[in-house]
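> What follows is a structure written as structure tokens; I'll ask about it next.
The values are calculated or read from the model by the stated rules, or taken from the named source; none is laboratory data. Just so it is clear, the structure is predicted and the values come from calculations on it, not from any experiment. Cβ placement follows ideal geometry from the backbone for every residue including glycine, while neighbour counts extend to all protein chains displayed. For the accessible areas, the whole protein counts, side chains as well, though only heavy atoms, and no ligand, DNA or RNA atoms are used. Shrake-Rupley method; radii C 1.70, N 1.55, O 1.52, S 1.80 Å.
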Amino acid sequence: MGAFGRKLGILPVVSRAFAGRFMIKYIYKDMLSVMRFLPWALVIGIPASALVLWVQKKRRGEQKPVRIMPVAAFCIYFAVILLITLLSRESGGSKVIDLELFSSWGINSRNNAFVIENVLLFIPYGFVSSLAFRGMRNIFSCTAFGAATSVGVECLQLVTGRGFFQLDDILTNMIGAMLGCMVYLLLFWKKRKD
């Protein structure tokens, strides 16, 4: 069917099922491969969380207690995002800016897996952001925070040559952050009503 069939979304059912199976294998393999960054995320995230907690304590004074574990989880996961997006790729790549929306979806199973992985990467980020900071406990703020983080990561990838600046990545990361915030709101809805 070629490019014309792909543009129209016409693929045989068997081909789609096959592609879906490959896509799941890619996602599983990629998730396992990034586990090697977890020790480094702890090494970076724990001192960063100590710094953030110190700044929060200075700003708030002794009156309000600082929630240590959520802030530590946020800093560690932020380090995870930076390590995955910057170190999981070879340096010296071409500096490409792709501002075409949905350009990476539908090319092949590998690219589709990357799109889904971008959403999955930011779901925990939206959750721990909401858990750690009161200002992130609404969907709009958390989604905007996810977008700002994603734009920062995309700019770092462009400057370092460790990835492309893609509008699709920003959109999928925003969706992930929004979903993470929604999970937080659903889990802590009863507590918020009290």
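> Taking GLU62, is it surrounded by fewer than 16 Cβ atoms within 10 Å (Cβ to Cβ), over 23 Å from PRO124 (Cβ atoms) and modelled with pLDDT of 85 or more? Steps first, please.
Values: surrounded by fewer than 16 Cβ atoms within 10 Å (Cβ to Cβ): yes; over 23 Å from PRO124 (Cβ atoms): yes; modelled with pLDDT of 85 or more: no.
No.
Here is a yes/no grid of residues against (1) exposed (fewer than 15 other Cβ atoms within 10 Å of the Cβ); (2) modelled with pLDDT of 90 or more:
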{"site": "ASP98", "(1), (2)": "yes, no"}
{"site": "SER104", "(1), (2)": "no, no"}
{"site": "ILE107", "(1), (2)": "yes, no"}
{"site": "TYR125", "(1), (2)": "no, yes"}
{"site": "VAL159", "(1), (2)": "yes, no"}
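Condition check ((1) assigned to a loop (DSSP other than H, G, I, E, B); (2) within 20 Å of CYS75 (Cβ to Cβ); (3) not aromatic (Phe, Trp, Tyr)) across all residues:
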residue: ALA113; (1), (2), (3): no, no, yes
residue: ASN118; (1), (2), (3): no, no, yes
residue: ILE123; (1), (2), (3): no, yes, yes
residue: PHE127; (1), (2), (3): no, yes, no
residue: PHE145; (1), (2), (3): no, yes, no
residue: GLU154; (1), (2), (3): no, no, yes
residue: GLN157; (1), (2), (3): no, no, yes
residue: ARG162; (1), (2), (3): yes, no, yes
residue: MET178; (1), (2), (3): no, no, yes
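> In this structure, does LEU187 turn out to be in contact (Cβ under 8 Å) with a residue 24 or more places away in the chain, more than 12 Å from the chain's Cα centre (by Cα) and open to solvent by 20 Å² or more (accessible area, probe 1.4 Å)? Working first, answer last.
Details: in contact (Cβ under 8 Å) with a residue 24 or more places away in the chain: no; more than 12 Å from the chain's Cα centre (by Cα): yes; open to solvent by 20 Å² or more (accessible area, probe 1.4 Å): yes.
In short, no.
> Identify the residue in the range 129-140 that is crowded, with 17+ Cβ neighbours inside 10 Å and part of a helix (DSSP H, G or I) and, among all such residues, is nearest to the chain's Cα centre (by Cα).
By that ranking, first place goes to SER129.
> Right, something else. Which count do you get for residues in the range 166-182 that are open to solvent by 30 Å² or more (accessible area, probe 1.4 Å) and either without any contact (Cβ under 8 Å) to a residue 40 or more places away in the chain or farther than 8 Å from VAL119 by Cα (or both)? Outline the logic, then answer.
First pass over the range 166-182, keeping only residues open to solvent by 30 Å² or more (accessible area, probe 1.4 Å): 166-167, 171, 174-175, 178-179, 182.
Among the residues that remain, those that are also either without any contact (Cβ under 8 Å) to a residue 40 or more places away in the chain or farther than 8 Å from VAL119 by Cα (or both) are: 166-167, 171, 178-179, 182.
Matching residues across the range 166-182 total 6.
> Which one of these is open to solvent by less than 50 Å² (accessible area, probe 1.4 Å) and modelled with pLDDT of 90 or more: LEU53, LEU121? Before the answer, list the steps.
Working: LEU53 fails: modelled with pLDDT of 90 or more.
None of the others qualify; the one that does is LEU121.
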